[in-house]
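To start, the structure itself, in C-alpha cells.
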Amino acid sequence: MVRESNFTKLCNTTTLLVVNDSYPGPEIRVHRCDTVFVNVHNQGNYGFTIHWHGVKQRRNPWSDGPEFITQCPIQPGTNFTYEIVLSDEIGTLWWHAHSDWTRGSVHGAFIILPAENETYPFPTPDADQTIILESWYDGDYKQIIDDALAAGVSPRQPSAYAISGHVGDTYGCPNDTIFRMQVDSEKIYLLRIINAAMNEHFFFTIANHTLTVVAQDASYVRRFTRDYILISPGQTMDVLVSANRNVGQYYMAIRPFSDSSAAPVDNITTGIFEYTNSEGGLNASLITLPVMTATDAMINFLNQIRNTNVSQNPGMNVPADKDIKTRAFIAIAVNNLPCNTCVLGSRIVASLNNVSFVSPRIDILQAYYNRNMSGVFTEDFPLNPPVFYNFTGDLTNFNTPIEEGTRVIVVNYGEGVEMVLQATQMGAGGSHPMHLHGFSFYWVGTGFGNFNNETDPSTYNLVDPPLINTVHVPGRRWVAIRFFATNPGVWFMHCHLDRHSSWGMDTVLIVRNGRTKETSMRPPPSTMPRCPGT
C-alpha cells in the first residue's frame with residue numbers, strides 16, 4: 001500500500017509518499033528462479049509505477065515498470081499486480097518507483113537468496129544485513145523536480161544523506177536517529193549495500209574493518225578486499241565483513257564522490273557497527289574515507305571488479321567481435337535550450353548523441369506491441385554523435401545543436417550489441433551511472449579521454465569482464481559494454497542520476513521478437529493501467 005506519511009528528521013516534519021508507512025520500504029526476500037507477484041495499491045495523490053531494478057523480466061516487459069516506457073501510471077485509488085520473473089539473478093537487487101522523483105521515498109531491497117541445494121561461492125556468512133544509502137529531502141520529491149523543470153534550473157541539493165532511513169549524528173539535530181548494526185565477535189556478516197540516492201555516488205567504510213566485495217548487481221565477482229567501496233546510484237554490492245576487532249562500537253560512514261563541477265554537498269553520514277556486550281563510546285572516531293574529489297580512489301576501486309568463474313554464475317558468454325551486429329557510440333552530455341518562461345531564459349536539458357529524450361503520454365511498449373499507434377516514438381536514435389568534437393576537452397564556450405524527441409534503438413533478437421558510452425565535458429562533466437533495463441551486460445572496456453575505435457578495442461577485457469546492470473562512466477573517460485539481445489521487449493536505458501534522467505539523458509532499446517514463442521514477448525495482462533485520456 002502506497003500513501004502519504006509523516007517523517008521527522010533534521011528537526012523538521014516532512015510528508016512523503018511511502019510503501020506500508022515505512023522509509024525505506026519493506027524488504028522482499030525470495031529465492032533464485034522464483035516468480036513473485038506484488039499487488040501495488042495506490043492510496044496517494046498522484047500516479048506512479050514500480051521498477052524491479054536489475055530483474056531481467058525475460059519476455060515480460062509488461063512488469064518492468066518505467067512510467068510511459070512499459071506502462072502508464074497506477075492512478076490514485078487503483079491497484080496493479082506485477083509479475084516479477086527471476087532467472088539467473090542472485091544476491092542483492094532493489095525495487096523503486098519509476099515516475100518523476102517518487103523513487104526518492106518509494107524504494108526497498110529485493111533480496112534473492114540461493115536456490116534450494118545451492119551454496120554461496122564464499123564462506124557462508126553467519127548473518128546478513130541490508131544497508132540502503134539514500135538522499136533525504138525536506139519536502140515532496142515530486143514537487144522538487146516539477147518546480148525545477150518548470151524553472152529550467154537544477155533541483156536543489158538534498159538536506160542530508162541517510163543510511164537505511166537514519167541521518168546519523170553529524171547534522172546537528174539532537175532528535176535524529178543513527179543506524180545501528182549489531183554484530184557478534186568473530187562472526188562473518190554479508191552486507192547487502194544498495195545506493196538508492198537520487199544523484200550521489202558514495203564512498204562507504206566501516207572504521208578499522210576491511211570489506212571484501214563478493215557480488216555486484218546480482219552477479220558474483222572475484223573477491224577483493226578494500227577499506228572502502230565506491231557505489232553509484234542504482235548499483236548494489238554484496239560485501240563480507242568479519243567482526244574481528246576489539247569489542248566495541250565503530251563508525252560506518254558514507255560521503256559522496258564527485259568528479260563534476262556541479263558537486264554534491266560534501267556531508268558525511270554515520271552509522272554504528274556495534275559489537276554485542278560493548279560498553280561506552282566509539283572505539284574509532286576517526287573516519288578514513290577518501291575525499292569527495294578522489295578520482296584516483298574511484299578508478300582504483302573500479303579497476304578491481306572482475307567476473308568470477310564459479311558455478312553459481314551464468315556461464316561466461318561475452319560477444320566476440322564477429323558476433324557484434326549493432327555498434328553504438330553514445331556521447332553523454334548536459335546542455336541548454338532556449339526557454340522564454342524560465343528564470344534564466346534557458347533551461348537545462350541532457351542528451352545522448354545530441355537527442356534529449358521526451359517522455360510520451362502513451363507508453364512505448366503498448367504502442368510498439370499494438371502496431372496501430374503512430375506518433376508515440378521513432379526508430380531513428382543515432383548510433384553515433386551527429387557532431388564529433390573533443391568530448392573530454394575544454395568545452396566552456398562550445399555548444400552543439402540539441403534535438404528533443406522520443407527516438408529509440410531497434411535490434412534483432414539474438415544479435416550481439418556493443419555500446420561505447422563516452423562521458424563529455426559538456427555542462428558540468430563528471431560521472432554517469434548508466435542503467436539498462438531487461439539485461440545484465442558485460443563491462444568490457446574503459447579508458448581515459450576520447451574513445452579511439454581503432455586502438456582502444458585492443459584493450460578490452462573479454463576474459464573476465466563484470467556482468468552488471470548499471471555501469472559507472474567516469475568523467476573524461478569512456479566505457480564499453482557488450483551483450484546478446486536475447487530478451488525481446490522494450491527496455492529503458494538511462495542515467496541513474498535522476499536529475500539527468502529528468503532532463504532527457506535516456507533512450508529505449510527495442511529487441512524484436514525471435515522466430516519462436518520462447519523467443520518472443522509474452523502478451524500483455526488484461527489489467528495493465530490505462531493511459532491518461534485513453
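The values are calculated or read from the model by the stated rules, or taken from the named source; none is laboratory data. Just so you know, these numbers come straight off a predicted model, no measurement behind them. Glycine gets a Cβ as well: all are built from the backbone with ideal geometry, and neighbour counts include every protein chain shown. For the accessible areas, the whole protein counts, side chains as well, though only heavy atoms, and no ligand, DNA or RNA atoms are used. Shrake-Rupley method; radii C 1.70, N 1.55, O 1.52, S 1.80 Å.
Which condition number does Cys33 fail, the rest of (1) part of a loop (DSSP other than H, G, I, E, B); (2) farther than 30 Å from Asn267 by Cα; (3) open to solvent by less than 10 Å² (accessible area, probe 1.4 Å); (4) touching a Ser or Thr at 6+ places or on another chain (Cβ under 8 Å) being met?
The failed condition is (3).
This table checks each residue for (1) buried (at least 22 other Cβ atoms within 10 Å of the Cβ); (2) touching a Leu at 6+ places or on another chain (Cβ under 9 Å); (3) not in a helix (DSSP H, G or I); (4) not hydroxyl-bearing (Ser, Thr, Tyr).
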position: Gly414; (1), (2), (3), (4): no, no, yes, yes
position: Ala428; (1), (2), (3), (4): no, no, yes, yes
position: Met434; (1), (2), (3), (4): yes, yes, yes, yes
position: Thr446; (1), (2), (3), (4): yes, yes, yes, no
position: Glu454; (1), (2), (3), (4): no, no, yes, yes
position: Val463; (1), (2), (3), (4): no, no, yes, yes
position: Val479; (1), (2), (3), (4): yes, yes, yes, yes
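Taking only pairs six or more apart or across chains, which ones have beta-carbon atoms under 8 Å, a first residue in the range 392-417 that is closer than 25 Å to Gly430 by Cα, and a second residue that is basic (Lys, Arg) and in a strand (DSSP E or B)?
Every condition considered, the pairs that remain are Thr392/Arg477.
Which of the residues that make up the range 165-178 are open to solvent by less than 20 Å² (accessible area, probe 1.4 Å) and in contact with a Gly (Cβ under 8 Å, 6 or more places away or on another chain)?
Across the range 165-178, the qualifying residue is only Gly168.
Check Val214 against each of (1) more than 19 Å from His432 (Cα to Cα); (2) surrounded by fewer than 21 Cβ atoms within 10 Å (Cβ to Cβ) and name the one condition it does not meet.
Answer for Val214: the failing condition is (2).
Sort out which residues of the range 1-30 are closer than 28 Å to Pro114 by Cα, assigned to a strand (DSSP E or B) and open to solvent by 50 Å² or more (accessible area, probe 1.4 Å), and write them in order of number.
Arg29
Taking the condition of being free of Cβ contacts under 8 Å to residues at least 40 places away in the same chain and part of a strand (DSSP E or B), how many residues in the range 225-281 meet it?
Looking only at that region, the number is 2.
I need the full set of residues from the range 369-390 which are farther than 24 Å from Ala328 by Cβ and surrounded by 12 or more Cβ atoms within 10 Å (Cβ to Cβ), in order please. Give the derivation first.
Going residue by residue through the range 369-390, those that are farther than 24 Å from Ala328 by Cβ are 370-375.
Hit for the range 369-390 is Met373, nothing else.
What number of residues within the range 219-229 are out of contact with any Pro (no Cβ under 8 Å at 6 or more places or on another chain) and open to solvent by less than 10 Å² (accessible area, probe 1.4 Å)? Even if it seems obvious, please write down each step before you answer.
As a first pass, look at the range 219-229 and keep what is out of contact with any Pro (no Cβ under 8 Å at 6 or more places or on another chain): 222-227, 229.
From what is left, the residues that are open to solvent by less than 10 Å² (accessible area, probe 1.4 Å) are 229.
Summing the residues that are out of contact with any Pro (no Cβ under 8 Å at 6 or more places or on another chain) and open to solvent by less than 10 Å² (accessible area, probe 1.4 Å) in the range 219-229 gives 1.
What strands (runs of 3 or more DSSP E) completely inside the range 114-194 contain at least 2 residues that are over 22 Å from Trp503 (Cα atoms) and over 25 Å from the mean Cα position of the chain (by Cα)?
Values: elements: 127-136, 160-163, 179-183.
Of the strands (runs of 3 or more DSSP E) lying wholly inside the range 114-194, those with at least 2 residues that are over 22 Å from Trp503 (Cα atoms) and over 25 Å from the mean Cα position of the chain (by Cα) span 179-183.
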